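Every number here is computed from the coordinates shown, using simple stated rules; none is lab data. This structure is a prediction, so every number in the text was calculated from the model and none was measured. Don't worry about glycine lacking a Cβ; one is built from the backbone with ideal geometry, like all the others, and counts go over all protein chains shown.
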Amino acid sequence: MPITSVEKNLDALTMTVVADFVATRERLWEAYTDPRQIEKFWGPPEWPATFTRHDVFVGGRSAYFMTGPQGERSAGFWEFLAVDDGTFFEVRDGFAGDDGEENSAMPSMRMTFSFEDTGDGSRLVTTTHFGSVDQLQQLLDMGMEAGMAAAMGQIDQVLADLASFAVGSGTELHILSDTQVRISRIIRGTVEQVWRAHHDPELVTQWMLGPDGWTMPVCEVATEVAGAYRYEWEPDDVSADGSPGRFGFEGELLESDPPHRAVTTERMIGVEGSGTTNEMTLTPRTGGTLLSLVITYPSAAVRDMVLETGMVGGMETSYARLEANLD
């Protein structure tokens, strides 16, 4: 068990948990700031977590739900108040309803996470700040302390799994729900470089091509929220006059927080029906940038149909091409 001490201060209305690890501070930080990793230990073993959003920057937000043994759900969120890359972050932690919105009937609290170097590895000091003694007692009665201990007991196994989360592991697909998937890829380049590659038309047309043998004759990038974008592709051996073989997507930019997060709608040009919502988050990583793309489909059937087209393989080809262009 990595926890070495738990201290409750009724005067300061805090609970401080200290945990020590043999992994480096950088490795521990990555585990907490990567949705693929934190969801493997944030919930107790019998209530595993799924993170549908994890934006580790000031003003960013995380959204997650834990699933119980009988399929019941308990949802929560973080609002990031401060971030010092590699050493510290502070969040407002609260409960959420089934719609992901804050459950105001339940208390929220402020939490700080301090990552420190030690002679044997690293230390995490987590301090929870409560609004009142009654609130502190309410959350302890709900099993908060025991839940943190059970969750932290799983971290060592995640920290030891270096291969699954290393640079060069390729594009990964995670099924989050019947209508949501997460695409993950560590790209060798800075957050600023990867952001620009997604928003500079001259760069986009060099890498966002999917399998070899395609060109991108139309690349209209949305430059502001509520703006529209349009992308079209065609085979190398087809002229740019709209001949058979051309296809494309269009949509609207819903949110933009450069260089960390962008949210867009997406629908195939000329195809009836609802499209998708795509949420891209970029997080700095040792040796590159973690790209997380959460896609929400209108139904499980549409999700499965799109995945069966080989979408993930085409995205890996594009991301590999992006890395080559950043060299």
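What residue among Ala63, Ala23, Ala105 shows peak mean-square fluctuation when the chain is described by a Gaussian network model with Cα springs under 10 Å?
Highest fluctuation of the listed residues: Ala105.
Using +1 on the beta carbon of Lys and Arg, -1 on that of Asp and Glu, and nothing else charged, what's the dipole of the chain about the Cα centre, debye to 20?
For the chain, the charge dipole is close to 380 debye.
What shape does the stretch 172-326 have by the C-alpha gyration tensor, where a ≥ b ≥ c are the square roots of the eigenvalues, rounded means a/c under 1.5, and otherwise prolate means a/b greater than b/c and oblate the rest?
rounded
Can you check what the net charge comes to around Gln206, using other residues whose Cβ is under 11 Å from the Cβ of Gln206 (Lys, Arg +1; Asp, Glu -1)? Please report the intermediate quantities before stating the final value.
Numbers: positive: Arg321; negative: Asp200, Glu202.
Result for the local shell: -1.
Can you tell which of Ser299, Phe249, Pro235 lies farthest toward the positive end of the dipole of the stretch 226-327, using +1 and -1 charges on the Cβ of basic and acidic side chains (Lys, Arg; Asp, Glu)?
Of the options given, the answer is Ser299.
For the chain, with a Gaussian network of springs between Cα atoms less than 10 Å apart, report the residue from Thr87, Thr33, Thr296 with the top mean-square fluctuation.
Top of the fluctuation ranking is Thr87.
Compare the Cα positions of Leu176, Ser164, Met311 along the charge dipole of the chain (+1 at Cβ of Lys, Arg; -1 at Cβ of Asp, Glu; about the Cα centre) and return the one farthest towards the positive end.
Ser164
Post the alpha-carbon centroid distance, the stretch 11-52 to the stretch 282-311, in whole angstrom.
About 23 Å separates the Cα centre of the stretch 11-52 from the one of the stretch 282-311.
Can you find, among Ser122, Ser74, Thr215, the residue farthest towards the positive end of the dipole of the chain? Put +1 on the C-beta of Lys and Arg, -1 on that of Asp and Glu.
Sorting the options by dipole projection puts first Ser122.
Report, in whole Å, the centroid distance computed from the Cα atoms of the stretch 69-125 and the stretch 204-273.
36
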